[in-house]
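A short write-up of the structure that comes next.
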Amino acid sequence: MNDLSNYKHKLKIKVRFADLDAMRHVNNAAYLTYIEEARIDYFNTLFHRNKERLDFEAVVARIEIDYLRPVVLGDDIEVFTRISEIGHKNVNVEHIIVIKKDSGLIKAATSVTKLVYYDYVSRRTMQIPEEAKKIISEFEGITI
């Protein structure tokens with residue numbers, strides 16, 4: 001994953017007691033929720049959507065997470081989000097989860113989510129609309 005200067009979107013998240021497991025660190029499943037919240041906020045921001053809007057023309061096809069350092073109760077975390085690749089029907093969304101400490105930012109996890117654009121009416125994958133590609137490519141500085 002690239003350094004944080006390549007990420008234009010950031011979401012702050014407070015670790016909740018409910019996120020912890022028996023080992024007293026954030027359970028691996030909670031990371032999925034963190035990146036989901038960041039992904040929704042990213043798209044709502046990028047496409048100027050209402051913050052309560054949850055519908056989106058894509059489905060998750062794959063998620064990879066590398067856990068690098070435990071996150072514990074009381075940690076302030078930030079999730080950096082970017083789209084690193086735009087295909088005909090899919091995008092790759094990258095996340096870096098960091099712990100914010102006085103000494104700086106400590107990388108806790110990285111992930112890649114492959115989203116496939118999907119038509120819920122016909123129940124088929126679909127091409128990414130050109131307008132969406134344009135908005136993403138301009139925001140991220142990606143050539144398509």
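The values are calculated or read from the model by the stated rules, or taken from the named source; none is laboratory data. Just so you know, these numbers come straight off a predicted model, no measurement behind them. A quick note on method: Cβ atoms are made from the backbone with ideal geometry, for glycine too, and the neighbour counts reach across all protein chains shown. Quick note on the areas: whole protein, heavy atoms, side chains included, nothing else; ligands and nucleic acids left out. Shrake-Rupley method; radii C 1.70, N 1.55, O 1.52, S 1.80 Å.
Here are labelled values, [x] 16.0; [y] 14.7; [z] 15.0, and one is the computed Kirkwood radius over Cα pairs in Å for what I pasted. Which one?
[x]
Probe radius 1.4 Å, ligands and nucleic acids ignored: give me the carbon and sulfur share of the accessible area of the range 5-44 as a rounded percent.
Result for the range 5-44: 53 percent of the exposed heavy-atom area is carbon or sulfur.
Over the range 25-124, what is the mean sequence separation of C-alpha contacts under 8 Å (at least six apart), divided by residue count, expressed as relative contact order in percent?
RCO, the range 25-124: 30 percent.
For the range 73-118, what % of the accessible area comes from carbon and sulfur atoms, probe 1.4 Å?
Using a 1.4 Å probe with all protein chains present, the range 73-118 comes out at 48 percent carbon and sulfur.
Can you pull the three principal axis extents for the Cα set of the range 1-85, in Å, largest first?
38, 29, 25
Compute the longest continuous run of the chain that contains no exposed trypsin sites (Lys or Arg not before Pro); treat a site as exposed when its DSSP state is not H, G, I, E or B and it has at most 11 other Cβ atoms within 10 Å. Display every interim value, and only then the final one.
Values: sites that count: R16, R24, K51, R53, R123.
So the longest stretch without any such site is 54-122.
Send over a whole-number figure in Å² for the accessible area per residue of the chain, probe 1.4 Å.
So the chain comes to 59 Å² accessible per residue, rounded to a whole number.
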